[in-house]
Amino acid sequence: MAERKKDKDTHTGSAGPDRSVGELLRVPVGEAVHLARIDARSTPGAPGGKGAGKAGRKAAGLADTAAMGERLASLQERLYAAATAGDRRRVLLVLQGMDTSGKGGTVKHVAGLFNPAGCRTRAFKAPTARELDHPFLWRIKKALPRPGEIGVFDRSHYEDVLIARVHELAPRNRLRRRYAQINRFEQALADDGVSIVKVFLHLSYEEQRERLLARLDDPAKHWKFSPGDIEERALWPAYQEAYELALERCSSAAAPWYVVPADRKWYRNWAVAALLLEHLEALAPRYPEADFDVEECRSRLLTS
């Protein structure tokens, strides 16, 4: 991961046939993560190339995201149809990031490309009293996508090693056990046919300030702002460290993490859509074959 900022050429231009978006953004298993070395305004693999300029890359990214919608919807329908014949496979998109990094915007612009009938979205807030009476993975298991569905988590089980660490809501030895629990949980999901796409929306400190100020400047967005956001912002270094630990300790072959630079909203949406498309194409779901005599049914209909 550290190499991604040093090698500026990997931040522009098409991913190309040899470097998928997933390869550009994936956190290598077992390697240290240094978020400060990753440019949150970079656009790894974006369409358009260097020569297109910023405006050209943005226009190309927006157009490519829209174009991916038809392919994503088609693959989703095949996945859903395959489940009717017993295929247990499904996809889970996990979105994590600092406040204003665009988790909700990603749900709107990327999950919105899917048929809502087969897309299950869950935003995880602070746990309720009932949820606190159970192990931390209890509420996560209840929200998992069913076979054939696309699941989207706006925040997730990782809050229990992020906020819990920053605000010291649990002792460090318990947090260390949670990393291992998460890895076992995600491996079990993968073994049961869940393709897990974990995305950290990497926002810069400066961009967060601008987005929070924009909320204050617009009365229609005051409901999105809380004075507590300023206190949380003061904990930025602690959150960055907590995220680095989670990315390092919980990026596995079965469930790798992807770091998506999120200062540019168009790139954020394009990259997440591209990651989902890569995973769905790798699944290559097929429509199930008819379990009835097609020609006999055709004849019956024609004479009815």
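The values are calculated or read from the model by the stated rules, or taken from the named source; none is laboratory data. This one's a predicted model, so the numbers in the text were calculated from it and none came from an experiment. Cβ coordinates were reconstructed from backbone atoms using ideal geometry, including for glycine residues, and neighbour counts include every protein chain displayed. Ligands, DNA and RNA are excluded from the accessible area calculation, which covers all protein heavy atoms including side chains. Shrake-Rupley method; radii C 1.70, N 1.55, O 1.52, S 1.80 Å.
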Are any of the residues in segment 67-78 touching a residue at least 24 places away in the same chain (Cβ under 8 Å), touching a strand residue (DSSP E or B) at 6+ places or on another chain (Cβ under 7 Å) and within 24 Å of Y258 (Cα to Cα)? yes
Picking from S304, S251, S299, which residue would you name as being of a type in the set (S, T, Y), more than 20 Å from F114 (Cβ to Cβ) and open to solvent by less than 10 Å² (accessible area, probe 1.4 Å)? S251
Pull up segment 109-120, narrow it to residues that are without any contact (Cβ under 8 Å) to a residue 40 or more places away in the chain and more than 22 Å from D64 (Cα to Cα), then point me to the one that is surrounded by the fewest Cβ atoms within 10 Å (Cβ to Cβ). A117
For T106, state whether it is open to solvent by less than 70 Å² (accessible area, probe 1.4 Å) and either part of a strand (DSSP E or B) or in contact with a strand residue (DSSP E or B) (Cβ under 8 Å, 6 or more places away or on another chain) (or both). yes
Tell me, please, whether a residue that is in contact (Cβ under 8 Å) with a residue 24 or more places away in the chain, open to solvent by less than 50 Å² (accessible area, probe 1.4 Å) and more than 16 Å from E159 (Cα to Cα) can be found in segment 236-246. no
What helices (runs of 4 or more DSSP H) completely inside segment 121-226 contain at least 3 residues that are touching a helix residue (DSSP H, G or I) at 6+ places or on another chain (Cβ under 9 Å), closer than 24 Å to G105 by Cα and open to solvent by 60 Å² or more (accessible area, probe 1.4 Å)? 205-217
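Okay, residues lined up against (1) outside any helix (DSSP H, G or I); (2) polar (S, T, N, Q):
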| position | (1), (2) |
| --- | --- |
| G61 | no, no |
| A66 | no, no |
| R71 | no, no |
| S74 | no, yes |
| E77 | no, no |
| A81 | no, no |
| A85 | yes, no |
Taking R57 as the residue in question, decide whether it is open to solvent by less than 40 Å² (accessible area, probe 1.4 Å), closer than 17 Å to A271 by Cα and of a type in the set (K, R). yes
Can you give me the number of residues within segment 1-33 that are open to solvent by 70 Å² or more (accessible area, probe 1.4 Å), in contact with a helix residue (DSSP H, G or I) (Cβ under 8 Å, 6 or more places away or on another chain) and at pLDDT 90 or above? 1
